[in-house]
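Taking it in order: structure first as structure tokens, then the write-up.
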């Protein structure tokens with residue numbers, strides 16, 4: 001059984017009408033996504049993507065159980081390109097704040113975010129030589145600090 005079929009079967013058991021499940025590349029290195037097109041997208045996304053986050057976790061576990069999946073093979077579930085747009089939005093905000101850190105030569109804190117969102121920010125700056133990122137805070141207050149590490153003023 002293919003991953004697309006497992007996803008379709010799982011959602012059918014939940015009573016969700018699925019038009020298409022399509023495997024696509026992701027902007028995140030070493031990761032791909034399964035885009036689900038459904039007229040019930042809002043139900044699967046939930047408030048600020050919380051239901052989608054839970055669905056991602058559950059479907060990863062279901063797929064791991066049904067297939068002997070390579071643990072290095074990373075993927076996520078996307079409902080109608082919602083997750084992809086969210087990733088792009090996070091990256092764009094991070095780059096803007098990175099430019100602010102560079103311009104003012106000061107650390108810039110991002111708002112609190114999930115571990116997944118922090119990972120996106122950290123990966124955005126992996127190829128920047130004058131910017132580094134660090135997570136700070138605890139629990140729901142954990143956030144990314146974007147630091148300018150170029151020429152520091154005293």
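Bear in mind these aren't lab numbers, they're just calculated from the coordinates by the rules spelled out. None of the values given here were measured: they were computed from a predicted structure. Cβ placement follows ideal geometry from the backbone for every residue including glycine, while neighbour counts extend to all protein chains displayed.
Which whole-number percentage describes the relative contact order of the stretch 86-148, with Cα contacts under 8 Å and a sequence gap of 6 or more?
This gives 39 percent for the stretch 86-148.
For the chain, calculate the relative contact order in percent as a whole number, restricting contacts to Cα pairs under 8 Å that are 6 or more residues apart.
17 percent
Looking at the chain alone, DSSP beta bridges between its own residues are antiparallel in about 70 percent of cases. Set against the 2.2 N^0.38 Å expectation for a compact globular protein, the stretch 86-148 has a Cα radius of gyration ratio of 1.00. Highest mean first, the peptides 108-119, 57-68 sorted by other C-beta atoms within 10 Å per residue fall in the order 108-119, 57-68.
Divide by every residue of the chain the summed helix terms, -39500 (n - 2.57) for each DSSP H run of at least 4, and state the resulting mean residue ellipticity at 222 nm, rounded to the nearest 500 deg cm²/dmol. Value at 222 nm, helices only, nearest 500: -13500 deg cm²/dmol.
Among 20, 52, 44, the largest mean-square fluctuation in a Gaussian network model of the chain, built with springs joining Cα atoms closer than 10 Å, belongs to 20. Put in order of Cβ neighbour count within 10 Å, fewest first, the listed residues 33, 102 become 102, 33.
Cβ crowding within 10 Å, taken as a proxy for footprinting-reagent exposure, orders 10, 32, 103 from fewest neighbours to most as 103, 32, 10. Rounded to the nearest 5, the antiparallel percentage of DSSP beta bridges internal to the stretch 3-80 is 50%. Helix 82-104 axis versus longest C-alpha principal axis of the chain: approximately 0°, rounded to the nearest ten. Once you reduce the stretch 95-149 and the stretch 23-60 to the center of their Cα atoms, the two points are 24 Å from each other.
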